[in-house]
Amino acid sequence: MREIRFRALIYCATCGEHGFQHWVWNGQQFIEDGISRPCQCPLKCEMDGKIQQYTGLEDKNGKSIYEGDIVDYQEKKWVVEFDDGEVLVWWLDCGEHKCGSELNRCDTDYYQVIGSIHENPELLGE
Ligand SMILES: [Zn+2]
């Protein structure tokens with residue numbers, strides 16, 4: 001069974017850099033599972049309420065794929081989304097239409113996480 005993990009985007013109000021707070025489900029409750037702070041500023045990072053779930057899949061570099069991640073696949077950029085337990089990817093440069101498909105679990109060796117919709121909004125704008 002897929003490990004149940006969530007992460008929340010955190011940001012530093014001083015310098016604006018982003019990081020993540022992680023939680024994992026231990027069968028009874030969610031427990032904190034580390035924080036990746038973006039900077040060394042003295043003030044604590046803030047959370048902005050955007051929670052993302054782990055897909056249970058890793059990209060070609062062994063990086064965990066979360067919903068909201070932007071992945072490179074076949075030289076295109078895709079956004080990862082959960083829908084009813086399925087992991088979907090949406091092609092970013094599709095134009096007016098929403099072109100998506102189920103993420104190909106046999107093909108994760110070819111996916112590479114290049115950012116997320118919250119950390120890298122500039123990737124969405126192209
Ligand atoms: Zn900072």
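Please treat every number below as a calculation from the coordinates, not as lab data. Please read these numbers as outputs of a predicted model, since none were measured by experiment. Quick reminder, even Gly has a Cβ in these numbers, built from the backbone with ideal geometry, and neighbours come from all protein chains shown.
Site pair Gln112 and Cys15 shows an inter-label distance of 2.6 nm when each label is modelled 7 Å from Cα along Cα→Cβ.
Gain on full extension, evaluated as 0.36 nm per residue between Glu122 and Ile4 minus their Cα-Cα distance, stands at 39.6 nm. Per residue of the chain, the DSSP helices (runs of n ≥ 4 H) give a summed -39500 (n - 2.57) that works out to -500 deg cm²/dmol at 222 nm. Working note: Cα gyration tensor of the stretch 1-72, eigenvalues times five, square-rooted, sorted largest first, giving semi-axes of 23, 16, 10 Å.
The alpha carbons of the stretch 5-124 stretch over 42, 36, 25 Å along the principal axes, in descending order.
Just Gly100, Gly27, Gly68 to compare: in a GNM of the chain, with alpha carbon springs under 10 Å, which one fluctuates most? Taking springs between Cα atoms under 10 Å, the residue moving most is Gly27.
Quick check on the stretch 56-110: what are the equivalent-ellipsoid semi-axes from the Cα gyration tensor, as sqrt(5λ), descending, whole Å?
Values: eigenvalues 62, 35, 17 Å².
Semi-axes from the Cα gyration tensor: 18, 13, 9 Å.
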